[in-house]
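First comes the structure, then the notes that go with it.
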Amino acid sequence: MRRPIVQDTALAITLLLLCVVLNGHDETASETGVLWWSAALLATAGVALRRRWPETMLAVCCLAAAIHLAESMPLTIVNLSVPILLYTVATRRGWAVSLAVLAGLLVLAIGSSSFAVLKHVPPPAIRMPVREIPEPPRPGPIADELTGDGRIIAWNDLPGLILILVAAWAVGAGMRSRRAYLAELRARAVDRERERGQQAVLAIAAERGRISRELHDVVAHGLSVMVIQAQGGAAALDNRPADTRAALEAIIKTGRDSLADMRRVLATVGEVDDAWHPQPGLAMLPALVDQVREAGTPVHLTIDDPPPELPSAVDLSAYRIVQEALTNTIKHGGTGTRAHVGVTRSATAVHITVSDDGAGTTPGDGQGAGLRGMRERVRLLGGRFDAGPSPAGGFVVHAELPVEE
């Protein structure tokens, strides 16, 4: 796209060339000489610099028109610079400024016409080159006064002048409104694109957090059980080989189950084609408790029979909370720790309580990754979560997950 200054300069040169062609041999222009052509050049310069200083160049063009009007000097096509500059002001300035400029030009036009009428001055005119035609018979002196020179088009034809100025302002104001509308549309598009980008970032962060919690729950629980089983098998290797064999079988089973759970987690992000496996829920708590018991930690399970039917998100979160709480019991409860798991359903929520009588505590005073994951799960579902040492000894985790009826 060409630069605006190049376009304006081309328009100004075009006006000047048309002025030279149309008025180069005009007798009145020749008589006035330097002053007339200086005003024409002044108007041309105003058009060339109209976008840089709109109001100033409009005043320059008005000055050039005033010089042409002085002493009944002829106006020419180059004086179209005035409506051109009025259009520029209307496109670049607000309604108040452009209307004020239009009103000022109309006042000048009306004042000029009124002055010419009151002083009986013949109105200045634009001289247009015409072919020479035979002069008709002179009707008389009175007709001469009315018709004047046959080549003159009255410049102070006030309705036409007002129409030109108002049309120039209206086109410029409409162009400004259109540009403002398009700019608003572009700004809205940019805002929507930015909002979509922010939503995508938040969605990615939420998905990463969900996957991180799932992997932590799966891997931490499986590895904790496997470590306990391996320690027990190593201790019984010399004296109780059968117990070692049972521990190794438990390790194998736990590892396979953990791998299957990991595949289900990764299936949600398209890494593996194993999404058809059902997600774990409260119905699988007995199997989870049996796995913990095989690892050497006695667990007592109290759950509604049959397990309450819950939304999938609540069902999965309830299972993961119990799983992580039992994992913490295995890791931090110490030797001989016993655990209790209670799951009950009320009219509006499912209540989960996991307690133990161990002497150990969670790392960081209850701020470990496991507890953070459980707390985040409950928060996302709009529930309540409490975890901390029990007054009677041990550690207690309580979660309340709301259930919509």
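Tabulated values for the structure
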| item | result |
| --- | --- |
| Long-range Cα-Cα pairs in region 297-405 (distance over 24 Å), rounded percent | 21 percent |
| Under-5 Å amide H pairs with Val350, H placed in peptide plane, nonlocal only | Leu401, Val403 |
| Calculated from backbone phi, Karplus (6.51, -1.76, 1.60) coupling profile of region 189-195 in Hz, x at Gly/Pro | 4, 5, 5, 5, 5, 5, 5 |
| Region 297-405, relative contact order [Cα under 8 Å, separation at least 6], % | 29 percent |
| Burial ordering of Tyr319, Tyr181, fewest other beta-carbon atoms within 10 Å first | Tyr181, Tyr319 |
| Region 43-102: C-alpha gyration tensor shape, a/c 1.5 cut-off, then a/b vs b/c | prolate |
| Where labels lie 7 Å past Cα in the beta-carbon direction, separation of Ile252 and Ala10 in nm | 8.5 nm |
| Ile303 long-range amide H proximity, modeled H, under 5 Å | Val343 |
| Förster radius 56 Å - calculated FRET efficiency between Trp53 and Ala369 (Cβ-Cβ, nearest 0.05) | 0.25 |
| Sites Arg196 and Ala103 - FRET efficiency at Förster radius 41 Å, r taken between beta-carbons, to 0.05 | 0.30 |
| Segment Val227-Ala96, extension gain: residue separation times 0.36 nm, minus the distance between their alpha carbons | 39.1 nm |
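Read-outs: derived from the displayed coordinates by stated rules, not from any lab. Quick caveat, the model's predicted, so the values are computed rather than measured. Using ideal geometry, Cβ is built from the backbone for each residue, glycine included, and neighbour counts are taken over all protein chains shown.
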